[in-house]
1. Residues of region 290-309 being over 19 Å from residue 202 (Cβ atoms) and surrounded by fewer than 20 Cβ atoms within 10 Å (Cβ to Cβ), which ones?
2. Restricting attention to region 93-106, does a residue exist that is modelled with pLDDT under 90, outside any strand (DSSP E or B) and surrounded by 19 or more Cβ atoms within 10 Å (Cβ to Cβ)?
3. Checking residue 365 against (1) touching a strand residue (DSSP E or B) at 6+ places or on another chain (Cβ under 7 Å); (2) assigned by TED's automatic domain parsing to the domain that holds residue 498; (3) at pLDDT below 90, only one condition comes out false. Which one?
4. So which residues in region 535-546 are at pLDDT 70 or above and either in contact with a strand residue (DSSP E or B) (Cβ under 6 Å, 6 or more places away or on another chain) or surrounded by 10 or more Cβ atoms within 10 Å (Cβ to Cβ) (or both)?
5. For region 386-412, which positions are in contact with a strand residue (DSSP E or B) (Cβ under 8 Å, 6 or more places away or on another chain), without any contact (Cβ under 8 Å) to a residue 40 or more places away in the chain and either outside the structural domain of residue 453 (by TED's automatic domain parsing) or not in a helix (DSSP H, G or I) (or both)?
6. Within region 449-460, identify whether any single residue is surrounded by 15 or more Cβ atoms within 10 Å (Cβ to Cβ), touching a residue at least 12 places away in the same chain (Cβ under 8 Å), in a helix (DSSP H, G or I) and touching a helix residue (DSSP H, G or I) at 6+ places or on another chain (Cβ under 7 Å), and answer yes or no.
7. Evaluate the following for residue 466: is it surrounded by fewer than 18 Cβ atoms within 10 Å (Cβ to Cβ), touching a helix residue (DSSP H, G or I) at 6+ places or on another chain (Cβ under 7 Å) and either at negative phi or at pLDDT 90 or above (or both)?
8. Looking only at region 309-324, filter to residues that are part of a strand (DSSP E or B) and without any contact (Cβ under 8 Å) to a residue 24 or more places away in the chain; which one of those is nearest to residue 299 (Cα to Cα)?
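The values are calculated or read from the model by the stated rules, or taken from the named source; none is laboratory data. Since the model is a prediction, treat every value here as computed from it, not as a measurement. When we count neighbours, we look across all protein chains shown, and the Cβ atoms used for this are built from the backbone with ideal geometry, even at glycine.
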């Protein structure tokens, strides 16, 4: 009877009738109860995005990188190098949003270490000898950033330079790349770890309260989310600090995909403020320079940590072991640096107010045969290259049937009683030669190579340095006619000249056989030294303030330094 009544009332209810349920079940002993619980209560029903991004990169000639933070990898054909690429965002890698510093999501410094170690595994260099973080990598709230992790050719000892660059995907094709980290990978010496943390906690260690630690971090501007809140317990023993670190349950499965999960290593560093490891300055710190990083076991989701002083008050060493005390990783030294809101804001601002400088970057070149070369005056290489007294003598030889050389080398002659007169004489001599070279049609298919020694790239030859400024103007007006070449006198550098010229670069510096070329590089957002102090109440003289560059300098003085006079 109750079932029949309930069915009839329910049918009326679903058709829109208003039902007084208390009247319907009066005298039946009915009462209100809570809804029953079900299997997915308080849990996400939909499956989460996999930590490893999938896609058929082989269709475009690449190989899958097999790492959660990297998408593709490719071995470079012309040089002994390797390149990894990837895309990072808080949408594709939600756990990265748990690392917020000064209201900005930063890629943790430990992620740079993880990426460098992955690159080392690819090229047989198991040790991260050094890694310096130059600028923070800020992840935008929407969209992502493209990253490139490059490994250069090995030197005689097998060591390989490594660097990581990024740019926003919105600026692809127009925006320059920002270099965030540089370092060196080296082959393993074959030695095993010399530590273990089987006794836990160590005898005599004094427990330290860490329950409110993340609230303190949050007040200081370090907003660590659940994935990065891994510090569970800590102890002190003498100058050493011991810590127990564990990833949350939601991140433990992904730990097997990493060499060492960045959030796990980052949480281990949260114990650095416990004890007297760092000099107290009231500010938060981030990793800056890593040295001697070794990974002994991959995929850990929980570790025991021992942190010790390593020289200066801003540098520590640490070892990590698994829950049985067996080695996981070690870091010979880690330098920490204070970070300010201004530095993070500068990194977040992108390229709008960026400063750039010229940096001499290594250019890999292939061995090349010496072409048809000639020298004006003294042979700078001492290699028996055909020599001519001057351009007139070369022109006469060409008229007599001699094949025009592909490259004609000349070293400016240093004349003058003092520096000023020497510079003036050199510039006048080079200017006359350049004008003669361009005016003579017989030399149109050849290149004039101006050879200096120590005029650029850290050299101290101030007499010949102005020649580079003069020739740059000539190069801009006559592409392909001139080459600037600076040597250091090393025999290996002379042997590298053929490969350097074959690169087609207009400006080259060769040091100990290594070819370098000038490139624009962003000035690092993080600096170890404070900037110049400007008295806002005083007067600043800006030369050429009516021009574009002078106007920008004046605007910067007003906006950033408050100068009004």
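1. Of all residues in region 290-309, those over 19 Å from residue 202 (Cβ atoms) come to 290-301.
Those that are over 19 Å from residue 202 (Cβ atoms) and surrounded by fewer than 20 Cβ atoms within 10 Å (Cβ to Cβ): 291, 292, 296, 297, 298, 299.
2. yes
3. With respect to (1) touching a strand residue (DSSP E or B) at 6+ places or on another chain (Cβ under 7 Å); (2) assigned by TED's automatic domain parsing to the domain that holds residue 498; (3) at pLDDT below 90, residue 365 is out only on (2).
4. Correct list: 535, 540, 542.
5. Result: 386, 387, 388, 389, 390.
6. no
7. Values: surrounded by fewer than 18 Cβ atoms within 10 Å (Cβ to Cβ): yes; touching a helix residue (DSSP H, G or I) at 6+ places or on another chain (Cβ under 7 Å): yes; either at negative phi or at pLDDT 90 or above (or both): yes.
Here the answer is yes, as residue 466 does meet what is asked.
8. We begin by selecting, within region 309-324, every residue part of a strand (DSSP E or B); these are 309-310, 312-321.
Next, from what is left, pick out any that are without any contact (Cβ under 8 Å) to a residue 24 or more places away in the chain: 312, 315, 317.
Details: 312: 32, 315: 26, 317: 21 Å.
My answer is 317.
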